[in-house]
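Trainee: Below is the structure I would like to discuss, written out as C-alpha cells.
Read-outs throughout are calculated quantities, based only on the coordinates presented, and are distinct from any laboratory measurement. This one's a predicted model, so the numbers in the text were calculated from it and none came from an experiment. Methodologically, a virtual Cβ is constructed for each residue, glycine included, from the backbone with ideal geometry; neighbour enumeration extends over all protein chains shown.
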C-alpha cells in the first residue's frame with residue numbers, strides 16, 4: 001500500500017508544471033501523465049528530487065508507436081518511489097520526422113541502455129545521450145523494427161514462397 | 001566392481017600375434033569414442049546441455065569427457081540455442097577454425113530451423129551458413145535426446161571412409177556454403 | 001563498422017593491449033562480448049556489445065494472442081521459466097480483473113519459489129566453478145534435476161515449462177507432485193548446508209570473492225538494479241514484500257540483505273533466499289491443505305482455455321474454446337504495468353491493449369538487461385579474473401538480456 005495518494009502527487013506536480021501536463025488517468029491505479037519534451041527532464045528531475053514524493057528509481061524507459069495519430073511516437077517512463085511505494089508513468093509524444101527528446105542520462109546512469117534500446121527499436125533520438133548507437137540489432141540495420149509498418153518476418157526470406165507449397 | 005565394457009573390435013582377420021582390419025574402421029572406432037565437442041551454447045538448449053554434462057546424465061560416459069572450448073582442437077561443433085543474424089558470422093568463423101574432420105550437430109528447434117522465432121533477427125536454421133550432420137529436435141530437447149544425437153554422430157564417425165573429406169561431393173557441399 | 005567499439009591505439013610507446021572477451025568465450029556463460037583495454041592483468045576500460053541472441057520477443061508478442069505469449073516468456077530467463085509464465089498470466093489477469101482462488105495463488109507460489117531455487121542453484125554453483133570449485137556445482141545440480149522432475153509432474157516439461165493458463169493452471173496437481181515437493185524440502189536443506197560448508201568459510205573462496213566488485217547502494221539504484229544483487233548492497237527492495245502479488249502477503253518471510261554489495265555478499269544473499277523460498281513453500285503447502293483440493297483455476301470461462309476433454313464433450317466449453325482461440329473474446333482497452341520478483345530482479349510487463357486479440361504493445365522490463373549495463377563501467381580497474389567472477393555473480397541470462 002502506498003503511503004501517498006495519486007492526488008497528492010498530482011497536486012505537487014500541478015503546482016509547478018500546471019498547464020504543461022495532461023493527466024491521462026489512473027489505469028489500474030497507476031497515475032499516468034503526458035507532457036511535452038521541453039519540460040520532460042525538468043519534470044523527471046522534479047519528481048526525482050522532490051522531498052516528499054522521492055521518485056528516485058527509474059523502472060523503465062520504452063516507446064510506443066501509433067501510426068494513425070498526429071504524434072505517432074511516444075516515449076514512456078516508469079518511475080517508482082521506493083520510499084512511498086508508488087509508481088508514476090510519464091509519456092511524451094512526438095510528431096513523425098521530429099522524433100527527438102532530451103536524454104534522461106543526466107538524471108540516471110541506468111537510462112543509458114534503456115534509451116539505446118528505445119532508439120534501436122523506434123528511432124527516438126535522445127539528444128545529449130553519451131553513446132547513442134544500436135544495441136540489440138545488427139549495426140548495419142537501416143530500419144527501426146518495432147515501428148508498426150515493419151513486418152515481423154524477414155522480408156528477404158525465400159523459404160515461404162508459394163511455389164514451395166504448390167500454390 | 002564396476003561392469004566395464006570394451007567395444008568390439010572391427011571386423012578383420014585375426015591370427016596369432018596379428019590382427020588385420022581396415023584403417024578406416026580402426027580410426028573411426030577410436031575417433032568416435034574420444035570426440036571433443038565444442039559447445040556453442042547460446043540460450044535455453046545450453047542449459048539443457050549443462051544438465052547433460054553434469055552429474056545426472058553425464059555425457060562423459062560416451063567418451064566426450066573433454067570439452068574443447070577452442071575450435072582448433074574440437075571435432076564436433078554442438079550448436080545449442082538461437083543463432084541470430086548478428087551471431088551468424090561468429091558461428092561461421094568458429095566452424096572455419098575447426099580442423100577436418102569436423103562434424104556439426106544442431107541441437108534444438110532454433111538451431112535446426114529457427115524454431116518459434118520466425119523473425120527478422122533470427123537465422124532460420126544454422127544450415128543456411130554451415131553444413132549440419134545431425135539435427136536434434138525439441139525446444140529444448142531433453143538430455144536423453146541430446147545424448148541420442150551424440151550417439152548418431154558417433155555412428156557417422158565410425159562409418160565415415162577416410163577419403164570422404166576429399167571426395168568431390170564433399171567439396172561441392174562446402175563450395176555451396178562458400179567455404180574454401 | 002564505425003559503430004563497432006575498437007580502441008585505436010597509435011601510440012607505439014603504449015603498453016595497453018586490447019582483449020576481445022566473447023561472444024563465445026567459455027568463461028562468460030552466455031553470449032556476451034566485452035572488448036577490454038588491458039594494462040597487463042588489469043582492465044583499463046571496456047565496452048559491452050550485446051544483442052547476439054536478439055529474437056524480437058516484443059515484435060512477436062504483437063502478433064500472437066495472449067495465451068500464445070506464455071511460451072515466449074519461457075525463453076526470457078530460461079533458468080526460472082515458471083516465474084516468467086506466472087508474471088505474464090498475472091499481468092493479463094490484472095488487465096481482465098480476474099480474482100484467483102487462494103489455492104491457485106499458493107500453488108503458483110510453490111512453483112515460483114521452486115524456480116527461484118533452481119535459478120540460484122545454477123548461479124551459485126557456477127560461481128563456485130569460476131572460482132575453481134567444481135564440487136559444489138555437481139552437488140547442487142542433483143537438486144536442480146529434482147526440481148525439473150517436479151516440473152515434469154505438473155506440465156511434462158523440464159526447462160521451458162509453459163505452465164499455467166490465464167486464470168489458473170491447465171490441470172490439477174497430482175499427489176506425486178506434493179510427494180516430490182515434500183521430499184525436496186527434506187533433502188535440499190541438507191545439501192544446501194553441505195554446499196555452504198564448502199564455501200562460506202572457505203579461505204580460497206573468500207579471498208577470491210570478498211571485496212570484489214563492491215557496489216554502493218546509491219550507485220546501484222542509479223543504475224536501476226533490482227533483485228539479489230541490489231539487496232546485496234543493503235537495499236531491501238523485493239517486489240514480493242513491497243507489492244505482494246499472488247498472496248505473498250499471507251506468508252511469513254524475510255528479505256535478506258548484504259552490507260557491501262560485493263560478490264561474496266551476493267553469494268550469501270542468494271543462499272539465504274533459497275532458505276526463505278523453502279520456508280515459503282512449506283507454509284504454502286500447509287495453506288493448500290486447508291483449501292478445496294479440486295480448485296485449480298478461477299471460474300472465468302470467457303478467458304480460461306477449457307481442458308481438452310471438456311471441449312470434446314461439452315457444448316459450452318467448445319464454444320468458449322472456439323471464442324478464445326479465434327480471438328472473439330473482448331478484452332478491456334487499457335494499459336497495465338505488472339512486475340514480479342524474478343530470480344534476478346524486477347521482471348516487469350508493460351502491456352498496452354487495444355481490445356484486440358493480441359497486445360498492441362508489450363514491453364518486458366528485463367532485469368538482466370538493466371543490471372548488465374553497469375558491468376563495463378564497474379570492471380574498470382579490476383583484475384580480469386575478478387571481472388569473470390563478477391559476471392557470473394550478476395547472474396545475467398542471455399535470453400533475457402537480448403530479448
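Trainee: Taking square-rooted eigenvalues a ≥ b ≥ c of the alpha carbon gyration tensor, is region C:222-372 rounded, prolate or oblate, where a/c under 1.5 means rounded and, failing that, a/b exceeding b/c means prolate?
Mentor: oblate
Trainee: For a quick check, take a GNM of chain C with Cα springs below 10 Å and name the residue from C:362, C:305, C:138 with the largest mean-square fluctuation.
Mentor: C:138
Trainee: In a GNM of chain C with a 10 Å cut-off on Cα contacts, which of C:223, C:304, C:312 has the highest mean-square fluctuation?
Mentor: Judging by the Gaussian network model, the answer is C:312.
Trainee: Using a Förster distance of 51 angstrom, determine the FRET efficiency expected from the C-beta separation of residue B:171 and residue C:198, and round it to 0.05.
Mentor: Efficiency, rounded to the nearest 0.05: 0.45.
Trainee: What full-extension length gain, to one decimal in nm, is calculated for residue C:17 and residue C:102 as 0.36 nm per residue of separation minus the Cα-Cα distance?
Mentor: Gain in length upon complete extension: 24.7 nm.
Trainee: On a 0 to 90° scale, report how tilted helix C:384-394 is relative to the longest principal axis of chain C, with both axes built from alpha carbons and the result rounded to the nearest 10.
Mentor: 20 degrees
Trainee: Which one, B:13, B:129, B:153, has the greatest fluctuation when you compute a Gaussian network model over chain B with C-alpha springs under 10 angstrom?
Mentor: Among B:13, B:129, B:153, the largest mean-square fluctuation in the Gaussian network model of chain B belongs to B:13.
Trainee: Using 0.36 nm per residue, how much length does the chain from residue C:207 to residue C:319 gain when fully extended, once their Cα-Cα distance is taken away?
Mentor: 33.9 nm
Trainee: Turning to a different aspect of this structure: Counting other beta carbons within 10 Å of each Cβ, put A:108, C:225 in order, fewest first.
Mentor: A:108, C:225
Trainee: Express the relative contact order of chain C as a whole percentage, based on alpha carbon pairs under 8 Å and six or more residues apart in sequence.
Mentor: Once divided by the residue count of chain C, the mean separation gives 25 percent.
Trainee: Next up: With each label point set 7 Å from Cα along the Cα-Cβ vector, what nm distance links residue B:21 and residue A:41?
Mentor: Rounded to a tenth, the inter-label distance reads 7.5 nm.
Trainee: If one computes P(r) from the Cα atoms of region C:76-158, what percent of pairs lie at distances over 18 Å?
Mentor: Across region C:76-158, Cα pairs with separations above 18 Å total 50 percent.
Trainee: Oh, and also: Would you kindly state how much longer the chain becomes between residue A:70 and residue A:26 on full extension, computed as 0.36 nm times their sequence separation minus their alpha carbon distance, in nm to one decimal?
Mentor: 13.5 nm
Trainee: Go ahead and estimate [θ] at 222 nm for the protein assembly as shown from helices alone: -39,500 (n - 2.57) per DSSP H run with n ≥ 4, summed, over the residue count, rounded to 500.
Mentor: After summing the helix terms and dividing by the residues of the protein assembly as shown, the value is -12000 deg cm²/dmol.
Trainee: Follow-up. Report, as a whole number in µm² per second, the diffusion coefficient that Stokes-Einstein gives for the protein assembly as shown at 20 °C and 1.002 mPa s using the Kirkwood radius over alpha carbon pairs.
Mentor: Diffusion coefficient, whole number: 78 µm²/s.
Trainee: To the nearest 0.05, what FRET efficiency results for residue B:156 and residue C:183 with a Förster distance of 41 Å applied to their C-beta separation?
Mentor: 0.50
Trainee: If I fit a long axis through the Cα atoms of helix C:263-290 and take the longest principal axis of the Cα atoms of chain C, what angle between them do I get, 0 to 90°, rounded to 10?
Mentor: That helix lies at roughly 10 degrees to the long axis.
Trainee: Let me ask something additional. Report the percentage of all Cα-Cα pairs in region B:41-86 whose separation exceeds 14 Å, rounded to a whole percent.
Mentor: For region B:41-86, the fraction of Cα-Cα distances above 14 Å is 57 percent.
Trainee: Label-point separation (nm) for residue A:106 and residue C:252, each offset 7 Å from Cα along Cα-to-Cβ?
Mentor: Output for this residue pair reads 5.1 nm.
Trainee: What FRET efficiency, computed as 1/(1 + (r/R0)^6) with R0 = 22 Å and r the Cβ-Cβ distance, is obtained for residue C:326 and residue C:171, rounded to the nearest 0.05?
Mentor: 0.40
Trainee: Within a 10 angstrom radius of the beta carbon, how do C:112, C:391 rank from fewest other beta carbons to most?
Mentor: Taking fewest neighbouring Cβ atoms as first place, the list is C:391, C:112.
Trainee: Calculate the spin-label point distance for residue A:5 paired with residue C:135, positioning each point 7 Å from the Cα along the beta-carbon direction, and give it in nanometres.
Mentor: 6.2 nm
Trainee: I'd like the distance between the alpha-carbon centres of region C:379-403 and region A:43-109, rounded to an integer number of Å.
Mentor: Distance between centres, Cα-based: 28 Å.
Trainee: Please average, across the residues of C:360-368, the number of beta carbons from any other chain that are within 10 Å of each residue's own beta carbon, and give a whole number.
Mentor: For peptide C:360-368, the averaged partner shielding equals 4.
Trainee: Can you put A:118, B:21, A:127 in order of Cβ neighbours within 10 angstrom, beginning with the fewest?
Mentor: Going from least to most buried by this count: A:127, B:21, A:118.
Trainee: Still on this structure: Let me understand chain C better: what is its radius of gyration from the alpha carbons, and its Dmax, in angstrom?
Mentor: Cα only, chain C: 22.4, 82 Å (Rg, Dmax).
Trainee: Roughly speaking, what is the centre-to-centre gap between region C:44-64 and region C:76-145 when only Cα atoms are used, to the nearest Å?
Mentor: Answer, in whole Å: 22.
Trainee: Moving on to the next point. Whole angstrom only: what separates the Cα centroid of region C:330-356 from the Cα centroid of region B:87-144?
Mentor: Between the Cα centres of region C:330-356 and region B:87-144 lies a distance of 33 Å.
Trainee: Give me the Kirkwood hydrodynamic radius of chain A in Å, from all C-alpha pairs, to one decimal place?
Mentor: Mean inverse Cα-Cα distance, inverted, gives 17.5 Å.
Trainee: Rounded to the nearest 5, what % of DSSP beta bridges with both residues in the protein assembly as shown are antiparallel?
Mentor: If I count the DSSP bridges inside the protein assembly as shown, around 70 percent turn out antiparallel.
Trainee: Further question on the same structure: Using the Kirkwood radius over Cα pairs, work out the Stokes-Einstein diffusion coefficient for chain B at 25 °C and 0.890 mPa s, in µm²/s as a whole number.
Mentor: After rounding, the answer is 141 µm²/s.
Trainee: Output the antiparallel fraction of DSSP beta bridges having both residues in region A:6-165, as a percent to the nearest 5.
Mentor: 70 percent
Trainee: Per residue of C:222-229, how many C-beta atoms from partner chains lie within 10 Å of its own C-beta, taken as a mean?
Mentor: Per residue, the number of nearby Cβ atoms from other chains is 4 on average.
Trainee: Also, quick follow-up: Going by the alpha-carbon gyration tensor, a ≥ b ≥ c the square roots of its eigenvalues, is region C:90-239 rounded (a/c under 1.5) or, if a/c is not under 1.5, prolate (a/b greater than b/c) versus oblate?
Mentor: oblate
Trainee: Another question, then. Rounding to the nearest 10 and keeping the result within 0 to 90°, find how far the Cα-based axis of helix C:81-96 lies from the longest principal axis of chain C.
Mentor: With rounding to tens, the tilt is 50 degrees.
Trainee: Rounded if a/c is under 1.5, else prolate if a/b is larger than b/c, else oblate: which is region C:49-113, with a ≥ b ≥ c the root eigenvalues of its Cα gyration tensor?
Mentor: Taking the square roots of the gyration eigenvalues as a ≥ b ≥ c, region C:49-113 is oblate.
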